[in-house]
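To start, the structure itself, in structure tokens.
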Amino acid sequence: MPVVVDPERCPCDNPCYPSKVCPYDVLHFDFANPTQRATLNPELCGECKGICTNFCDPRALRFAPTMAELQLLEAQMLGTMTADQVAAERKRLKEEAEREKQAAVVEVTTASFEQEVLKADLPVAVDFWAPWCGPCKSFAPVFAQAAREYAGKVKFCKVNTDAEVAIAQSFRIQSIPTLYFFHKGKALGAIPGAMSAAQLRTTLEQVLRAAAAAPPEPPAAAANAQGPAPAAGSRPSSSPTILLDRGQRGQ
């Protein structure tokens, strides 16, 4: 956990004992020149829980959960940022972290399929793939980039068909990669084969239009639209519409 020294509280009257107990040897104090403040490199604090803070004025050694938060704490202590500026930057960092969370591709299992896919508020793109599949590996960065571009608009998930055979069988996955699309618990369509970034964007725009045009469902109906996660050997009641065939992709 990163720690910062408050220059207004250090040096103290006694030699810097916390520097002796630092397990990562990043807190340094010159015992030959005790009038000098202790120094440290917070980037090297690692997973330490702030042992040094147990042996020092809590206002002299202060810690934060992240380096970004520590930099704000230090800026406020040194007076290089006002309280309002610090609050605004904290808000920006929180919003940025939320966008990154939304942009993350979620690995889905049989146990989490219902919650992550069928009950998602956003339209969902599910990449059915396998570790040995060359085209899957080529498509993975395209899929990840789309997740960043459409963060907050579309949720992106991946299903390892080797590990989650039941899901793959339930949705009749015959080749990989296959991209499936869902909205409010219903399958909107599926496309086999890897796509370029441009082709994927075109498809995602179609998915968003289809989701926007879908009539709202009563809460009870929406909650039970798909039921529990598919079991091994089960089949969708009808095959989903292919949203974009290979002939259309090149356009």
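The values are calculated or read from the model by the stated rules, or taken from the named source; none is laboratory data. No experiment lies behind these values; they were computed from the predicted model shown. Please note: Cβ atoms are built from the backbone with ideal geometry, for glycine as well, and neighbour counts cover all protein chains shown.
Annotations for the structure displayed:
- Only residues that are outside any loop (DSSP other than H, G, I, E, B) and over 21 Å from Gln145 (Cβ atoms) were counted in region 104-116, giving 3.
- Any hit, region 23-46, residues being basic (Lys, Arg), over 11 Å from Val5 (Cα atoms) and either at pLDDT below 75 or surrounded by fewer than 16 Cβ atoms within 10 Å (Cβ to Cβ) (or both): no
- Only one of Ala144, Ala120 that is closer than 21 Å to Ala214 by Cα and out of contact with any helix residue (DSSP H, G or I) (no Cβ under 6 Å at 6 or more places or on another chain): Ala120
- Checked against the criterion of being assigned by TED's automatic domain parsing to the domain that holds Glu114, of a type outside the set (Lys, Arg) and either at pLDDT 95 or above or under 22 Å from the mean Cα position of the chain (by Cα) (or both), the candidates Gln145, Gln226 yield just one match: Gln145.
- Test: residue in region 6-20 that is closer than 25 Å to Arg90 by Cα and modelled with pLDDT of 70 or more: yes
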